[in-house]
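Each remark here refers to the structure printed beneath this line.
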């Protein structure tokens, strides 16, 4: 059941790819995890929520009780889970936050390296090119920045999946089949579960690549089956995105953007070249440096190796170049008219996110250029060899010095304490309900009635919120819980009316004494989407098993002899 043309990675090549990933993640072991971003506590609290879900057997952590001074949070409910689920699983295994992070980044760096290797090898037939491209990709400035500086860890994971999507799309266009279709399905589903902005970026670039590699003779079959693969991928991932689509308007991140820091108009690269102005204090100069390093390195590699001469004759090379050019242009002010016309692009917020695919495609091009280095080219074109190798070394030096060594690190011991302290901190505003403010979480009293009614808290933890109240006048009790529409309350087993006051959950308590129980209850559409994901996965597995067995039976069937 081999995928056509899928490279069989040798043990030697797999070892090299693994060592490259070790070199990339090694500072986490030697110095400690990187710190210094407001996004870091966000990642740690969501990871802790997933770890708690794993340990308690909870399917999905819908409510993070400790966050926001114990008022709870819903960020784990809406943030794509792939990175945090991986981190939580490895953290449970090693029981050390620093080592868990090292293993997580090592794993996804290795997966990304394998993806680049597979795609590059498929394009060129050269294992050396695959290794060169994977090595370049691991240390491109933007890719390293995703982990060590910007803390876009979900995007880092997403970018490790994208090269597989490029590989499967090309092969499905050439030879549509069940296994290439499955590859598109799985890679798309994983992209949905890794990072939403990167999903949009990837969708744009993969669509262009699909059109550039489409075969006329199989166009209809490829197009329809690819659309079907995407549909199945969305069904598989429906347990995540259904609730996001239906509930995102309840969060600040779902509101129209009013913060200039997150306005796409203020985050174009090369804005300094705009003759009508527009480059201000918000111009992302770091992104401009990454863009220039990437474009210059790729350009030098293409021309010094004379690879540019093959652009007109090699359709695959041309397709990668077009993806590279498109992704770089989409970072810059020259593409603003496109962003203005397409509202979904504006949800990306930062046009420079397209540097991710630019780094990906650029790594393939540089890897192909490095592949021309051999004894013959050293003898006939020594200057070109030195220029290509030198440009890569300059980029590598920049990445190590400006991305990795310039980061702030914390020892593994202190990082564990830091992670524990983050559990109760107030989370990022973007992932909080719109009816909350910072004032919401300042009152520390667990239940307050405002009148003389005795309150005894019986349980107040991740899984249970319950308290007893004495007899007295009917009142509205304010709880130290973030209000959310899915909270349900009962009084001695009977439903109670719940409400919201200043972002906190309130309960209408009757005059009699009794026990108030609070429970976070998922709506029907959430439960349905989970069952749909599970059932579609089982159907897919059964279908593939049937396909495999049918193929085996055909291969082992003896020919019938005629008499």
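The values are calculated or read from the model by the stated rules, or taken from the named source; none is laboratory data. Predicted model, so just to flag it, every value in this text is computed and none were measured. Every residue, glycine among them, receives a Cβ derived from its backbone with ideal geometry; neighbour counts consider all protein chains shown.
Scanning region 511-532 for residues that are farther than 10 Å from residue 488 by Cβ, in contact with a strand residue (DSSP E or B) (Cβ under 7 Å, 6 or more places away or on another chain) and assigned to a loop (DSSP other than H, G, I, E, B) returns a single hit, 513.
What residue, among those in region 493-505 that are in a loop (DSSP other than H, G, I, E, B) and in contact with a helix residue (DSSP H, G or I) (Cβ under 8 Å, 6 or more places away or on another chain), is surrounded by the fewest Cβ atoms within 10 Å (Cβ to Cβ)? Reasoning before the result, please.
First pass over region 493-505, keeping only residues in a loop (DSSP other than H, G, I, E, B): 493, 497, 502-503.
Of the ones still in play, those that are also in contact with a helix residue (DSSP H, G or I) (Cβ under 8 Å, 6 or more places away or on another chain) are 502-503.
Numbers: 502: 15, 503: 20.
If we take residues in region 493-505 being in a loop (DSSP other than H, G, I, E, B) and in contact with a helix residue (DSSP H, G or I) (Cβ under 8 Å, 6 or more places away or on another chain), then 502 is surrounded by the fewest Cβ atoms within 10 Å (Cβ to Cβ).
Can you find a residue that is in the same structural domain as residue 75 (by TED's automatic domain parsing) and under 13 Å from residue 136 (Cβ atoms) anywhere in region 399-421? The answer is yes, given that some residue of region 399-421 is in the same structural domain as residue 75 (by TED's automatic domain parsing) and under 13 Å from residue 136 (Cβ atoms). Of all the listed residues (117, 87), the sole one being in the same structural domain as residue 366 (by TED's automatic domain parsing) and under 18 Å from the mean Cα position of the chain (by Cα) is 87. Every test in (1) touching a strand residue (DSSP E or B) at 6+ places or on another chain (Cβ under 7 Å); (2) part of a loop (DSSP other than H, G, I, E, B); (3) on the phi < 0 side of the Ramachandran plot is passed by residue 490 save one, and that test is (2).
Do we find that residue 344 is closer than 18 Å to residue 301 by Cα, in a helix (DSSP H, G or I) and modelled with pLDDT under 95 in this structure? Outline the logic, then answer.
Numbers: closer than 18 Å to residue 301 by Cα: no; in a helix (DSSP H, G or I): yes; modelled with pLDDT under 95: yes.
Considered against the rule, which asks whether it is closer than 18 Å to residue 301 by Cα, in a helix (DSSP H, G or I) and modelled with pLDDT under 95, residue 344 comes out as no.
When residue 180 is tested against (1) without any contact (Cβ under 8 Å) to a residue 40 or more places away in the chain; (2) crowded, with 24+ Cβ neighbours inside 10 Å, only condition (1) is not met. Every condition in (1) touching a residue at least 40 places away in the same chain (Cβ under 8 Å); (2) buried (at least 20 other Cβ atoms within 10 Å of the Cβ); (3) over 22 Å from residue 99 (Cα atoms) is met by residue 61 except one, and the failing one is (1). Go through region 31-51 and give me each residue that's modelled with pLDDT of 90 or more and in contact with a strand residue (DSSP E or B) (Cβ under 9 Å, 6 or more places away or on another chain). Those that are modelled with pLDDT of 90 or more and in contact with a strand residue (DSSP E or B) (Cβ under 9 Å, 6 or more places away or on another chain): 31, 32, 33, 34, 35, 40, 45, 46, 48, 49. All conditions but one from (1) modelled with pLDDT of 80 or more; (2) in contact with a helix residue (DSSP H, G or I) (Cβ under 6 Å, 6 or more places away or on another chain) apply to residue 332; the one that does not is (2). Residues in region 35-57 that are in contact (Cβ under 8 Å) with a residue 12 or more places away in the chain and part of a loop (DSSP other than H, G, I, E, B): 36, 37, 38.
Could you list, in sequence order, the residues of region 405-448 that are in a loop (DSSP other than H, G, I, E, B) and farther than 18 Å from residue 43 by Cβ? Don't jump to the end; show me each part of the working.
In the first step, residues of region 405-448 are kept if they are in a loop (DSSP other than H, G, I, E, B); the result is 405-407, 410-411, 423-428, 432, 434-437, 442-446.
Within region 405-448, 405, 406, 411, 434, 435, 436, 437, 442, 443, 444, 445, 446 qualify.
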